Amino acid sequence: VYLVESGGGLVQAGGSLRLSCAASGSTSSINVMGWYRQAPGKQREFVASITSGGGRTNYADSVKGRFAISRDNAKNTTALQMNSQKPEDTAVYSCYAASYQKGLYWGQGTQVTVSS
């Protein structure tokens, strides 16, 4: 499975960005897709995830109500809509795909910078 992210960039506090992640390869084996982020000097943290079957979503408390994850199974993509962004959202955001059979895959990451 190969993952390619897009959509990162610079935004002012209170603004919005939308990240996208496109999967290719053995996409039929993917069970969950989601996002993690890592800010400078901090550990990587979970942001959001969505299942392929029922579309069940899960969010970190820090982004609930501001971020929304979605998935298009036909196109093998997932998107993260980030609204009401805060400077503390600044991080490298990485897409992941989890297959119960084949393991965990990561994208290369995309930088999101929120200015105050």
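The values are calculated or read from the model by the stated rules, or taken from the named source; none is laboratory data. Keep in mind that what you see is a predicted model, and the values were worked out from it rather than measured. Because the Cβ atoms are built from the backbone with ideal geometry, glycine has one as well, and the counts that use them run over all protein chains shown. Areas reflect the complete protein model, heavy atoms only, side chains present, ligands, DNA and RNA absent. Shrake-Rupley method; radii C 1.70, N 1.55, O 1.52, S 1.80 Å.
In a DSSP loop and with at most 11 other Cβ atoms within 10 Å, the chymotrypsin sites (Phe, Trp or Tyr not before Pro) in the range 37-116 are 100. Here the alpha carbons of the range 1-42 define both size measures, Rg and Dmax, at 13.5, 38 Å. Distance from the Cα centroid of the range 24-80 to that of the range 85-116 is 9 Å (rounded to whole angstrom).
What the chain shows is 52 Å² of accessible area per residue, with the surface traced by a 1.4 Å probe over protein heavy atoms.
Extension gain for residue 2 to residue 81 (0.36 nm times residue separation, less C-alpha to C-alpha distance): 26.3 nm. Close Lys pairs in the chain (alpha-carbon distance under 25 Å; sequence gap of 8 or more, or different chains): 4.
The 3J(HN,Hα) values that the Karplus relation (6.51, -1.76, 1.60; θ = phi - 60°) gives for the range 61-67 are, in residue order, 4, 5, 10, 4, x, 10, 10 Hz. Gly and Pro appear as x.
Rounded to the nearest 0.05, what FRET efficiency do residue 73 and residue 39 give with R0 = 30 Å and r taken as the Cβ-Cβ distance? Could you check? Don't skip to the end; give the middle numbers.
Details: r = 31 Å, r/R0 = 1.02.
My answer for the efficiency is 0.45.
Once each of the trypsin sites (Lys or Arg not before Pro) sitting in a DSSP loop with at most 16 other beta-carbon atoms within 10 Å is removed, the chain keeps 1-41 as its longest stretch.
Ratio of Rg to Rh for the range 37-82: 1.02 [Cα atoms; Kirkwood radius as inverse mean 1/r over pairs].
Given charges of +1 on the Cβ of Lys and Arg and -1 on the Cβ of Asp and Glu, with all other atoms neutral, how large is the dipole of the chain about its Cα centre, in debye to the nearest 20? Before the final figure, lay out the partial values.
Values: 11 positive and 6 negative charges, 27 e Å.
Rounded to the nearest 20 debye, it is 120 debye.
Taking a point 7 Å from the Cα of residue 31 along the Cα-to-Cβ direction, the residues of the range 1-23 with backbone N closer than 20 Å to it are 1-3, 23. Dipole magnitude for the range 21-82: computed about the Cα centre from +1 point charges on Lys and Arg Cβ and -1 point charges on Asp and Glu Cβ, it is near 100 debye.
Residues in the range 26-34 carry Karplus couplings, in order, of 7, 6, 5, 8, 6, 9, 9, 10, x Hz; the curve used is 6.51 cos²θ - 1.76 cosθ + 1.60 with θ = phi - 60°, and Gly or Pro positions show x.
Could you please state how large a percent of the accessible area of the chain is carbon and sulfur, counting protein chains only and using a 1.4 Å probe?
On the way: 2850 of 6070 Å².
That share works out to 47 percent.
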